[in-house]
Every structure is written in C-alpha cells, then in structure tokens.
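Q: Sharing a structure with you now.
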Amino acid sequence: MREYKIVVLGSGGVGKSALTVQFVQGIFVEKYDPTIEDSYRKQVEVDGQQCMLEILDTAGTEQFTAMRDLYMKNGQGFVLVYSITAQSTFNDLQDLREQILRVKDKDDVPMVLVGNKCDLEAERVVGKEQGHNLSHQFKSCAFMETSAKAKINVNDVFYDLVRQINKKTPGEVRKVKKVRTCVML
C-alpha cells in the first residue's frame, strides 16, 4: 500500500484542524485550540487503490514557522487553507506557496487551494472568483470551497491531492521491500 505525506497549511483560525479531524474522524471540532503540530493517519480507497494518508496538521501561528521548512521538504502534497470570512488569511497563501516551491526546489507541486467555512456565506469577504483566480495563478492547483462543519467537499480535498500525487509520481506505487534469498546447494 502506498503512503502519502500530506501537509495542511494556512493562517491561524482558518479551520485546518477542523478539516483534518472531520476527514480522519468524521467529527466537527467546535472550539478553537491553536495547533502546534498534529499528525494523523487514515487508510482510504481512491480510484480502487488502497492508500495510507499521513496528514500533518500544522501551526498557523508565526512562532512555529521554523518547523515549516522541514515538513515542506517531506510533504508530497499540500492543502493551502484560508477562511472565506477573513481576507488576510487568503493574502497569506502566496507566500506559503512560494516557500513550498523554494523548499521543494520545484515549480510544480501537488496542491489544493481551499476556501474553508463556506457555510458562513453571510460573513463571506473572499469571493469564490478570487479563489479561482488564485488557483489559476498557481498554475496546476485545484480549488475547492469546503465546510468542515457541514461536511462539504472535505473528502474531495484529500482524494484530489492523492490523484495529483499519483499523476506526478506514478512510479512510486509500491513501497514493499524486496528480499533476496540465497539458497546454498
């Protein structure tokens, strides 16, 4: 079974943990408790293939940015999350993406741009069009609006990322070590 290292990034309070916990455990976490770093594992089936997702839910606060380079280096796919109710969280994503590309030393990395909290339409300040435009600017970056609370598009984000990783690195499907046996006659 192939393992996928997925990193969830974004500003503090955008719902990174809520999205991750909703995907992994199927529950909505109501209270906001700033994350330092949490890791989750979940086995899923994507396009008939069993996959083990290792999801790193990262800190959105500035004091933990030193840890970013390390998990950007190890991550295979990235979920860039902003809140549709906070323009500043949207504005932060350009720098995050540039940091990922710099650390990975590539100009094309599997990514999904996520506008979270789409259930709060009345409080929206970042339009859907802005999200689409930014994803086009990011080139081959998928865009989705989600709601961890209402379970909207949560699974799709992670499944889309698995598909992107498979397209970019199709040769790494099996991570089973081959054992050679020597027979003495």
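Q: Need pairs with beta-carbon distance below 7 Å; first residue under 14 Å from Gln22 (Cα atoms) and open to solvent by less than 80 Å² (accessible area, probe 1.4 Å) and within region 33-44, second at pLDDT 95 or above and among the polar types (S, T, N, Q); sequence gap 6+ or separate chains.
A: Every condition considered, the pairs that remain are Tyr40/Thr20.
Q: I'd like to verify a number: residues in region 12-32 that are open to solvent by less than 20 Å² (accessible area, probe 1.4 Å) and in contact with an Asp or Glu (Cβ under 7 Å, 6 or more places away or on another chain), how many? Spell out the reasoning first.
A: To start, the set of residues in region 12-32 that are open to solvent by less than 20 Å² (accessible area, probe 1.4 Å) comprises 14-16, 18-23.
With the extra rule that they be in contact with an Asp or Glu (Cβ under 7 Å, 6 or more places away or on another chain), the set shrinks to 16, 20.
Result for region 12-32: 2.
Q: Same structure, new question: Every residue in region 148-162 that is in contact with a Phe, Trp or Tyr (Cβ under 9 Å, 6 or more places away or on another chain) and on the phi < 0 side of the Ramachandran plot, please.
A: Ala148, Lys149, Ala150, Val154, Asn155, Val157, Phe158, Leu161, Val162
Q: Only one of (1) over 15 Å from the mean Cα position of the chain (by Cα); (2) surrounded by 19 or more Cβ atoms within 10 Å (Cβ to Cβ) is not met by Lys168, so which one is it?
A: Answer for Lys168: the failing condition is (2).
Q: Sticking with this one: Cβ-Cβ below 8 Å, separation at least six or inter-chain, first residue in region 88-99 and of a type outside the set (A, V, I, L, M), second part of a helix (DSSP H, G or I): which pairs?
A: Matching pairs, first to second residue: Phe90/Gln130; Phe90/Gly131; Phe90/Leu134; Gln94/Leu134; Gln99/Arg68; Gln99/Asp69; Gln99/Met72.
Q: Next question. Does Leu134 fit the bill of being within 27 Å of Gln43 (Cβ to Cβ), at pLDDT 95 or above, open to solvent by less than 50 Å² (accessible area, probe 1.4 Å) and in contact with a strand residue (DSSP E or B) (Cβ under 9 Å, 6 or more places away or on another chain)? Let's see the steps before the verdict.
A: On the way: within 27 Å of Gln43 (Cβ to Cβ): no; at pLDDT 95 or above: yes; open to solvent by less than 50 Å² (accessible area, probe 1.4 Å): yes; in contact with a strand residue (DSSP E or B) (Cβ under 9 Å, 6 or more places away or on another chain): yes.
No; evaluated as a whole, the condition is false for this residue.
Q: Also, I was wondering about something else. Would you pick out the residues in region 109-124 that are without any contact (Cβ under 8 Å) to a residue 60 or more places away in the chain and surrounded by 14 or more Cβ atoms within 10 Å (Cβ to Cβ)?
A: Listed by number, the residues that qualify are Val109, Pro110, Met111, Val112, Leu113, Gly115, Cys118, Asp119, Leu120, Arg124.
Q: Determine whether region 121-131 contains at least one residue that is under 16 Å from the mean Cα position of the chain (by Cα), of a type in the set (S, T, N, Q) and either in a helix (DSSP H, G or I) or more than 17 Å from Gln164 (Cα to Cα) (or both).
A: Checked against the condition, which is being under 16 Å from the mean Cα position of the chain (by Cα), of a type in the set (S, T, N, Q) and either in a helix (DSSP H, G or I) or more than 17 Å from Gln164 (Cα to Cα) (or both), region 121-131 yields no hits at all.
Q: Additional query: Which is open to solvent by 70 Å² or more (accessible area, probe 1.4 Å) and touching an Asp or Glu at 6+ places or on another chain (Cβ under 8 Å), of Lys106, Lys128?
A: Lys128
Q: Which residue pairs have Cβ atoms under 7 Å apart, sit 6 or more places apart or on different chains, and have a first residue in region 1-27 that is closer than 15 Å to Asp92 by Cα and touching a residue at least 40 places away in the same chain (Cβ under 8 Å) and a second that is of a type in the set (Lys, Arg) and surrounded by 18 or more Cβ atoms within 10 Å (Cβ to Cβ)?
A: Going by the 7 Å Cβ cut-off, the qualifying pairs are Val8/Lys16; Gly10/Lys16; Gly15/Lys117.
Q: Please state which one of Lys42, Lys31, Lys5 is of a type outside the set (Val, Ile, Thr), over 16 Å from Ile165 (Cα atoms) and at pLDDT 95 or above.
A: Lys42
Q: Still on this structure: Take region 1-39 and flag every residue that is within 14 Å of the chain's Cα centre (by Cα) and among the small types (Gly, Ala, Ser).
A: Correct list: Gly10, Ser11, Gly15, Ser17, Ala18, Ser39.
The values are calculated or read from the model by the stated rules, or taken from the named source; none is laboratory data. Everything numeric in this text was worked out from a predicted model, so none of it was measured. Here Cβ is always computed from backbone atoms with ideal geometry, including for glycine, and neighbour counts include all displayed protein chains. Each accessible area value is taken on the protein alone, full model and side chains, heavy atoms only, with ligands, DNA and RNA left out. Shrake-Rupley method; radii C 1.70, N 1.55, O 1.52, S 1.80 Å.
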